[in-house]
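Engineer: Sending over a structure as structure tokens; questions will come in a sec.
The values are calculated or read from the model by the stated rules, or taken from the named source; none is laboratory data. All values reported here derive from a predicted model rather than from experimental measurement. Note that each Cβ is placed from the backbone with ideal geometry, even for glycine, and that neighbours are counted across all protein chains shown. These area figures cover heavy atoms from the full protein model, side chains too; ligands, DNA and RNA do not enter into them. Shrake-Rupley method; radii C 1.70, N 1.55, O 1.52, S 1.80 Å.
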Amino acid sequence: MHGRVLSWRSLWLVDILKLLTTCDGALDYLEKEEMSMSDSDSSSGSGDYKNFRQATRDRLLHEMLRSTRAKDSKTRWKVLIMDKLTLKIISCSCKMANITDEGISLVEDIYKRRQPMPSMDAIYFIQPTKENVVMFLSDMSGKSPLYKRAFVFFSSPISKELVNHIKSDASVRPRISALSEVKIIHSHLMLYGYFFAFLLVRMVGFFAGNGLLFVLKFCFFDEQLQMNLEYFAIDSQGFITDHERALEELFGDTAEISLAHNASIQTIATRIATVFASLKEFPYVRYRAAKSSLDASTMTSVRDLIPTKLAAIVWHCLAKYKSSIPDFPQTETCELLILDRSVDQIAPIIHEWTYDAMCHDLLNMDGNKFVHEVPSKTGSTSEKKEVLLEDHDPIWVELRHSHIADASERLHEKMTNFISRNKAAQIHHNSRDGGELSTRDLQKMVQALPQYSEQIDKLSLHVEIAGKINKVIREVGLRELGQLEQDLVFGDAGTKDLINFLRTNQNVTHENKLRLLMIFAAIYPEKFEGDKGEKLMQLARLSPDDMNAVYNMSYLALPDPKKTSGGFSLKFEVHKKKQAARKERSDEEETWQLSRFYPVIEELIEKLSKGELPKNEYQCMNDPSRSFHEASNGTPVRTSSSQPAHSMRSRRPATWARPRNSDDGYSSDSVLKYASNDFKNMGQRIFVFIIGGATRSELRVVHKLTAKCKREIILGSTSIDDPAQFITKLKMLSTQELSLDDLQI
């Protein structure tokens, strides 16, 4: 439950006599107020399960925006002021309509020149940086502030120095309305402290009391105005910390001497910690252990220690939250596994054959934005229209993790059933065949037109997208290429097969040949020692710039104590005889061609869920007690299965996991409608964070395993990368000529 916010002005004018009656009376009063707030909070909620993105949205809309409403006055329009980062945070979780519903009439950038609005209140949602605080004080100080009052919320913990900087401006303090609101904290000592403070106010007089009130306000300022929400909810089960330079800063050739190295890890850790602050979860913090901790003969490298460093800082942040955030769990409620891109270099490169992945890989999309042509209103020409492929689209939610062949078949069935059941669609379809429309037909068409138009637009969009994807697959010969990729990964093909393919398929794009060679280098690093790699890349006719991407994979390599040559090793769970990067999964049936591949995190998450993750390879910052895990060194970390611990929220599997196949493309919103009714009692959440960028195949895996493991799994990363983006970032690891301007993100 979120803490109760009390207005000090209201207490002074209305309720001060109640507080001054007796100490016990003050306690009773405040406790009753808190209980009433609890009742109102619980009654206002729907009781339905809220996924990760919904929980984030509720914090932004209710805990931040709605908390600024005054009970004793009508809703007043306010201005919302943000910096670039907090604007992106809200954009990932909320629509403009959601914000407007909470009384926001205007959204402004704190660094842009703004028109004074002295009659309106302003809400500041900003990072706790010196630059932002200076801008805020500039807005609200002096005789003519830009706004009447200010409610200030910081995205992450604010330093005492910045708090003191705000306190030092006497002209700003009375204009900060948020500082006149302090949450009730479950501490009788603090409540008694309030009573004695007000008793002192009464003794020394009104003016002295005002000064004391400001002291009280700022005593709790750094705790009460921190939203602790500095991550980007990109999916119902996924978030990023928005560190596009993570690969370059943490794994590049200058990482060991770069000043940005430690600063980047610190910022990433802070933002990861705010995820747990928002969800009120306290995790077991596990991480991929450095190879030097497993083998004394292995030389420790800065890159190999990155997960260890990040885990330590995350743990430090969480330890602070335990003592500073009301109602924060004091015992572990979930599990966090911190990995880096070294555990799987193939997943970001290989062609993933699901609808979502192929949209982003093969089509020229800008994030989740797809641009297509639709007939203009006049009907004579066509015009471009932008659509977002996101959770509000039920067809997208239903098909995004399906194999492209499966998605295409289901779209065809939807269209066929839609036409057979919808009268207007039948008439429209028949008219295309040359049949004339009767007056009655036209009347039926008009009657059914509004609903027909909405449904056919949604369905037609995805039919068009799937058609474009299948066209690209045919034109570039992607099936043959994809087959070779997966044969290499599973050990069914080798060097001869690769050379034969490159010689007989000269028309393959240079990007696809590059990706093929990168997969080959991940499995057979010894083939790129000396001049062997150059010969292969000359056969593929790759440029030096492309060759650079292949060689830069060495920066993501795990140290191999058995390797004595100068080459690099990309270590997977490799079967020595077969030299494959993946093992066939006997527990899953291959329904569609080219669906064998799976990311490494799929096996890791399953092992973690079953308690079979090797403890020495994946160590824990807060060593679990024997009551939770077996503690013998080197044995798997095994979760007790008798009574699985539960997190603070009820659980259900991802919406896609229970296919509710609709037959018309419109009623598929039932996938969302009934989602919250499934699996109310699931186990602890599992969080997996990948340093250096995650892939859409890995995002698909967490949705899939949520249903399979009966535990909600959330994927986090520094970024979500499509293959072209990941390759560009790899090239940046050893060159200063490229910049982020080259990334089409």
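Engineer: When you check Glu612 against the structure, is it at pLDDT 90 or above and open to solvent by less than 20 Å² (accessible area, probe 1.4 Å), yes or no? Show your work before the answer.
Structural biologist: Values: at pLDDT 90 or above: yes; open to solvent by less than 20 Å² (accessible area, probe 1.4 Å): no.
Taking the combined requirement at face value, the residue does not satisfy it.
Engineer: In the stretch 254-295, what residues are charged (D, E, K, R) and under 26 Å from Leu604 (Cα atoms)? Give the steps one after another, and end with the answer.
Structural biologist: Residues of the stretch 254-295 charged (D, E, K, R): 256, 271, 280-281, 286, 288, 291, 295.
If the condition is that a residue be charged (D, E, K, R) and under 26 Å from Leu604 (Cα atoms), then Arg271, Lys280, Glu281, Arg286, Arg288, Lys291, Asp295 are the ones that fit.
Engineer: In this structure, does Lys322 turn out to be at pLDDT 90 or above and open to solvent by 50 Å² or more (accessible area, probe 1.4 Å)? Write out each step before concluding.
Structural biologist: Details: at pLDDT 90 or above: yes; open to solvent by 50 Å² or more (accessible area, probe 1.4 Å): yes.
Here the answer is yes, as Lys322 does meet what is asked.
Engineer: Open to solvent by 10 Å² or more (accessible area, probe 1.4 Å) and either among the aromatic types (Phe, Trp, Tyr) or assigned to a strand (DSSP E or B) (or both) - does that describe any residue in the stretch 267-285?
Structural biologist: Among the residues of the stretch 267-285, at least one is open to solvent by 10 Å² or more (accessible area, probe 1.4 Å) and either among the aromatic types (Phe, Trp, Tyr) or assigned to a strand (DSSP E or B) (or both), which makes the answer yes.
Engineer: Ser144: farther than 24 Å from Glu230 by Cβ and part of a loop (DSSP other than H, G, I, E, B), yes or no? Spell out how you get there, then give the answer.
Structural biologist: Numbers: farther than 24 Å from Glu230 by Cβ: yes; part of a loop (DSSP other than H, G, I, E, B): yes.
Spelling it out, Ser144 is indeed farther than 24 Å from Glu230 by Cβ and part of a loop (DSSP other than H, G, I, E, B).
Engineer: Condition test on Ser293, is it farther than 18 Å from Ser264 by Cβ, touching a strand residue (DSSP E or B) at 6+ places or on another chain (Cβ under 9 Å) and either of a type outside the set (Val, Ile, Thr) or touching a residue at least 40 places away in the same chain (Cβ under 8 Å) (or both)? Break it down stepwise before answering.
Structural biologist: Details: farther than 18 Å from Ser264 by Cβ: yes; touching a strand residue (DSSP E or B) at 6+ places or on another chain (Cβ under 9 Å): yes; either of a type outside the set (Val, Ile, Thr) or touching a residue at least 40 places away in the same chain (Cβ under 8 Å) (or both): yes.
Here the answer is yes, as Ser293 does meet what is asked.
Engineer: Another question, then. Looking at the stretch 508-531 only, could you name the residues that are among the aliphatic types (A, V, I, L, M) and under 17 Å from Leu542 (Cα atoms)?
Structural biologist: So the first thing to find is which residues in the stretch 508-531 are among the aliphatic types (A, V, I, L, M), and the list is 508, 514, 516-519, 521-523.
Answer for the stretch 508-531, where residues must be among the aliphatic types (A, V, I, L, M) and under 17 Å from Leu542 (Cα atoms): Val508, Leu514, Leu516, Leu517, Met518, Ile519, Ala521.
Engineer: Restricting attention to helices (runs of 4 or more DSSP H) lying wholly within the stretch 360-453, give those where 1 or more residues are modelled with pLDDT of 75 or more and within 24 Å of Gly467 (Cα to Cα). Can you show your working first?
Structural biologist: Values: elements: 394-399, 404-421, 423-432.
Of the helices (runs of 4 or more DSSP H) lying wholly inside the stretch 360-453, those with at least 1 residues that are modelled with pLDDT of 75 or more and within 24 Å of Gly467 (Cα to Cα) span 394-399, 404-421.
Engineer: Something else about it: Out of all the residues in the stretch 518-547, which are open to solvent by 40 Å² or more (accessible area, probe 1.4 Å), closer than 26 Å to Leu250 by Cα and outside any loop (DSSP other than H, G, I, E, B)?
Structural biologist: Answer for the stretch 518-547, where residues must be open to solvent by 40 Å² or more (accessible area, probe 1.4 Å), closer than 26 Å to Leu250 by Cα and outside any loop (DSSP other than H, G, I, E, B): Glu526, Pro544, Asp545.
Engineer: Tell me the residue from Gly683, Gly693 that is closer than 27 Å to Val314 by Cα, open to solvent by less than 40 Å² (accessible area, probe 1.4 Å) and modelled with pLDDT of 95 or more, please. Walk me through how you get there before you give the answer.
Structural biologist: On the way: Gly683 fails: modelled with pLDDT of 95 or more.
Among Gly683, Gly693, only Gly693 is closer than 27 Å to Val314 by Cα, open to solvent by less than 40 Å² (accessible area, probe 1.4 Å) and modelled with pLDDT of 95 or more.
To keep it simple, each residue is scored yes or no on (1) open to solvent by 80 Å² or more (accessible area, probe 1.4 Å); (2) modelled with pLDDT under 95.
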{"position": "Trp77", "(1), (2)": "yes, yes"}
{"position": "Cys94", "(1), (2)": "no, yes"}
{"position": "Asn98", "(1), (2)": "no, yes"}
{"position": "Val107", "(1), (2)": "no, no"}
{"position": "Pro118", "(1), (2)": "yes, yes"}
{"position": "Gly142", "(1), (2)": "no, yes"}
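Engineer: Looking at (1) closer than 18 Å to Ser67 by Cβ; (2) out of contact with any helix residue (DSSP H, G or I) (no Cβ under 6 Å at 6 or more places or on another chain), find the lone condition where Ser138 falls short.
Structural biologist: Against the list (1) closer than 18 Å to Ser67 by Cβ; (2) out of contact with any helix residue (DSSP H, G or I) (no Cβ under 6 Å at 6 or more places or on another chain), Ser138 comes up short only on (1).
Engineer: Moving on to the next point. Would you say Asn164 is within 28 Å of Thr270 (Cα to Cα), open to solvent by 60 Å² or more (accessible area, probe 1.4 Å) and free of Cβ contacts under 8 Å to residues at least 60 places away in the same chain? Give the steps one after another, and end with the answer.
Structural biologist: On the way: within 28 Å of Thr270 (Cα to Cα): yes; open to solvent by 60 Å² or more (accessible area, probe 1.4 Å): yes; free of Cβ contacts under 8 Å to residues at least 60 places away in the same chain: yes.
Against the criterion (within 28 Å of Thr270 (Cα to Cα), open to solvent by 60 Å² or more (accessible area, probe 1.4 Å) and free of Cβ contacts under 8 Å to residues at least 60 places away in the same chain), Asn164 qualifies.
Engineer: Filter the stretch 696-720 down to residues that are in a loop (DSSP other than H, G, I, E, B) and out of contact with any strand residue (DSSP E or B) (no Cβ under 7 Å at 6 or more places or on another chain) and give me whichever is surrounded by the most Cβ atoms within 10 Å (Cβ to Cβ). So that I can check it myself, show each step before the final result.
Structural biologist: If we filter the stretch 696-720 for residues that are in a loop (DSSP other than H, G, I, E, B), which is where we start, we get 710-712, 718-719.
Filter again for out of contact with any strand residue (DSSP E or B) (no Cβ under 7 Å at 6 or more places or on another chain), leaving 710, 712.
Values: Lys710: 16, Glu712: 29.
Selected residue: Glu712.
Engineer: Can I ask one more? Looking at the stretch 486-517 only, could you name the residues that are closer than 19 Å to Ala580 by Cα and either assigned to a loop (DSSP other than H, G, I, E, B) or among the β-branched types (Val, Ile, Thr) (or both)?
Structural biologist: Result: Val489, Phe490, Gly491, Asp492, Ala493, Gly494, Thr495, Ile499.
Engineer: Considering only the stretch 252-266, state which residues are buried (at least 17 other Cβ atoms within 10 Å of the Cβ) and hydroxyl-bearing (Ser, Thr, Tyr). Before the answer, list the steps.
Structural biologist: Looking only at the stretch 252-266, we keep the residues that are buried (at least 17 other Cβ atoms within 10 Å of the Cβ), and these are 252, 255, 261, 264-265.
Listed by number, the list holds a single entry, Ser264.
Engineer: OK, next. Filter the stretch 548-558 down to residues that are touching a Gly at 6+ places or on another chain (Cβ under 8 Å) and closer than 19 Å to Thr495 by Cβ and give me whichever is surrounded by the most Cβ atoms within 10 Å (Cβ to Cβ).
Structural biologist: Val550
Engineer: Confirm whether His360 is touching a residue at least 60 places away in the same chain (Cβ under 8 Å), in contact with an Asp or Glu (Cβ under 8 Å, 6 or more places away or on another chain) and not small (Gly, Ala, Ser).
Structural biologist: Judged against the criteria, His360 is a match.
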